[in-house]
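First up is the structure itself, then whatever we jot down about it.
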């Protein structure tokens, strides 16, 4: 096993440690991610088992329906406002962290892009990445 992925919010009120490797690392250009990131996309690492996550602190949460209708829960720090992680009602074992919340953001290496169709010309994501017009097929 490699060293754990650690991170949290800017003020330190929320922290995580994940003892597994991510199943996917992706940039998402959907409109929700654009708004939440304040830029052209969000960057995320998704881990396959919630059991591999140690989480401390209490996050504020906001639910939103994805294009599929499935509910995703955004978790952020109520003190500093940092977006930290996401969970998914339809896939309760997955745990997704914002790449910028990592203690070592350089460990993030995107593999693919979701919602390329909603991307902006000024948001120049590596064109060699596998890209999907929306979400990739299940």
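Every number in this text was worked out from the coordinates using simple rules, so none of it is lab data. Note that the structure is a prediction, hence the values are computed from the model and not measured. Methodologically, a virtual Cβ is constructed for each residue, glycine included, from the backbone with ideal geometry; neighbour enumeration extends over all protein chains shown.
Ordering 32, 67, 27 from the fewest to the most neighbouring beta carbons within 10 Å gives 67, 32, 27.
DSSP beta bridges in the chain, what fraction antiparallel, as a percent rounded to 5? In the chain, approximately 85 percent of DSSP beta bridges are antiparallel ones. The C-alpha atoms of segment 54-138 occupy a region whose extents along the principal axes are 38, 32, 23 Å, arranged from largest to smallest. Highest GNM mean-square fluctuation among 115, 44, 85, for the chain modelled with Cα contacts below 10 Å: 115.
As a length-normalised measure over Cα pairs under 8 Å and 6 or more apart, the relative contact order of the chain settles at 26 percent.
Placing a label point 7 Å from the Cα of residue 93 along the Cα-to-Cβ direction, the residues of segment 23-48 whose backbone N falls under 17 Å of that point are 23-24, 46-48.
Using 0.36 nm per residue and subtracting the Cα-Cα separation, the extra length available between residue 120 and residue 60 on full extension is 18.6 nm.
Spin-label model, residue 2/residue 71: points 7 Å from Cα along the beta carbon direction are separated by 3.4 nm. Segment 105-138 and segment 22-81 have their alpha-carbon centroids 16 Å apart.
Please state, to two decimals, what the Cα-based radius of gyration of segment 1-109 comes to when divided by 2.2 N^0.38 Å (N = residues). List each step's numbers first, then the result.
Numbers: Rg = 12.9 Å, N = 109, 2.2 N^0.38 = 13.1 Å.
This ratio for segment 1-109 stands at 0.99.
Simple spin-label estimate for residue 132 and residue 31 gives 2.0 nm between the two label positions (7 Å along the Cα-to-Cβ direction from each Cα).
Need one number: convex hull volume per residue for segment 1-50, Cα atoms only, in Å³. Kindly include the intermediate steps, with their values, before the conclusion.
On the way: hull volume 5.2 nm³, N = 50.
Taking the convex hull of the Cα positions in segment 1-50, it is 104 Å³ per residue.
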